[in-house]
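Quick notes on the structure that follows.
The values are calculated or read from the model by the stated rules, or taken from the named source; none is laboratory data. Everything numeric here is computed off the predicted structure, so don't read it as measured data. Glycine gets a Cβ as well: all are built from the backbone with ideal geometry, and neighbour counts include every protein chain shown.
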Amino acid sequence: MKKENSKVQNELVFDFRSIKSFEDACAHLGITPELPQLVNGCQELLKPIIAAYKLMVIFKAINNGWVPDWGNTNQAKWFPWFWVLPSGTGFSLSDTNYLCEGTDLGSRLCCDSSAKCRYITDNFEGLYKDFLLLS
């Protein structure tokens, strides 16, 4: 019971909407905003790799200690679902969905609530474009 109370207290103190940038996420986690360096990497892959790294840091910060329990089929794990519009005219969030087991985008890119997932996709859509689309 004590662990549950501390989780609730932690959630009350932390407002995930305070994370407005990659730098905010890094500050919340106590890490530097330095990006990973690739040596002899394919330069065309650098953009999606950096976007994926930034998204993972942002999700970790916004999740504020929540880690998906893949052994618990009663626990919802929320992830974004995007549509690429015809003829490359755009990219849009279709919805947030949840799974209780399995994953479409990996356990580093899911949340414990639809609100957190939608907040990330609304505020960091450009990172998703860099990560998911060829440009």
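Within the stretch 77-135, take every residue that is among the small types (Gly, Ala, Ser) and over 30 Å from CYS42 (Cα atoms) and give me the one that is modelled with the lowest pLDDT. Explain how you work it out, then say what you get.
Narrowing the stretch 77-135 to residues among the small types (Gly, Ala, Ser): 87-88, 90, 92, 94, 102, 106-107, 113-115, 126, 135.
Now drop any that are not over 30 Å from CYS42 (Cα atoms), which leaves 94, 102, 113-115.
Working: SER94: 58, GLY102: 47, SER113: 93, SER114: 90, ALA115: 94.
Of everything passing the filter in the stretch 77-135, GLY102 is modelled with the lowest pLDDT.
Out of curiosity, is PHE22 under 13 Å from ILE120 (Cβ atoms), at pLDDT below 80 and not small (Gly, Ala, Ser)?
Numbers: under 13 Å from ILE120 (Cβ atoms): yes; at pLDDT below 80: no; not small (Gly, Ala, Ser): yes.
Criteria not met by PHE22.
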